[in-house]
């Protein structure tokens, strides 16, 4: 057992990167516990393992005193019976290794080694995936229990909670699925990896995979607003005026964006061009509706948008979705008025008015969709 124990410890050191000294200390602690459990629960016990031979010995440890008041003390007279050179204050180690301790020690050592191997493997998995937070992983759905989807990632599994699932998608065991890692937690067992199908980060990473210009930094994603399973708006920008950021994302005959739409089970994606001028950006964000005017109030980070009467429902969108997503995308409060409504209102306060007709690019993919705009960015 002794040589086998040392061989196992040094093999683990090579394979798992756990120092042999650390393992030996853990085994010694386990042997102390095993000794106390089987041979008396004494507190003054220590175990030493010879790192060269694997021999182990159990000692009772005493402090030399004139009169012993506890089991951890020994009188000077009794200490001198062991060695005449002991003086007051010395520490005496008396070997008490039981003859039949070998089998118990072997079992305890094995349990410690197995436990440390598991801990090392958990740490390796944690270190790998903690560095992959905010990245996409591909796995296979292993099982579904109480609404939670368990995804096999090879070395470990990820959890897709109900709140992170797209309502319109159907999930089945055996399906291959792409998810976005939102959090990696250390637990007493394996690391807990939480993933999402609804996070806006999934959209960003999918575009980075499909659009080389985004991956290379030529085209930049400025903002994303999303209602998972229904519609996403994404604002893109290129510093080089010769590059069409929207066209780069759409791809030839829509191939690039369609690949992402397919991955998201048909979720509609509106790609619009970002602009530093909020009036123009808001106009783009509300496409495909035609915008006549944008009145910006910088102090309140709010804008009133005027659209033709026949475009009002299109600008707001079904259940207000188009206006809501535009507000999230631009991070501006947007109040949409028809031309008639605007003309009937009495304007007051310091505002900046800009005509932005014909600003929305023809390439912009868009929606049909709320009654009030939201400003909280996901």
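The values are calculated or read from the model by the stated rules, or taken from the named source; none is laboratory data. All values derive from a computational prediction rather than experimental measurement. Glycine gets a Cβ as well: all are built from the backbone with ideal geometry, and neighbour counts include every protein chain shown.
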If we keep just the residues of the range 81-136 that are touching a strand residue (DSSP E or B) at 6+ places or on another chain (Cβ under 9 Å) and under 19 Å from residue 19 (Cβ atoms), which is modelled with the lowest pLDDT? 109
Of those in the range 53-67 that are more than 44 Å from the chain's Cα centre (by Cα) and either assigned to a loop (DSSP other than H, G, I, E, B) or at positive phi (or both), the residue surrounded by the fewest Cβ atoms within 10 Å (Cβ to Cβ) is 67
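Here is a yes/no grid of residues against (1) touching a helix residue (DSSP H, G or I) at 6+ places or on another chain (Cβ under 7 Å); (2) outside any strand (DSSP E or B); (3) outside the structural domain of residue 209 (by TED's automatic domain parsing):
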| site | (1), (2), (3) |
| --- | --- |
| 97 | no, yes, yes |
| 102 | no, yes, yes |
| 105 | yes, yes, yes |
| 108 | yes, yes, yes |
| 116 | yes, yes, yes |
| 120 | yes, yes, yes |
| 139 | no, no, yes |
| 149 | no, no, yes |
| 168 | no, yes, yes |
Give, as residue ranges, the helices (runs of 4 or more DSSP H) completely inside the range 295-378 that count at least 1 residues that are more than 26 Å from residue 250 (Cβ to Cβ) and modelled with pLDDT of 50 or more. 312-316, 339-344
Pick from the range 285-303 the residues that are buried (at least 19 other Cβ atoms within 10 Å of the Cβ) and under 22 Å from residue 232 (Cα atoms): which of them is nearest to the chain's Cα centre (by Cα)? 285
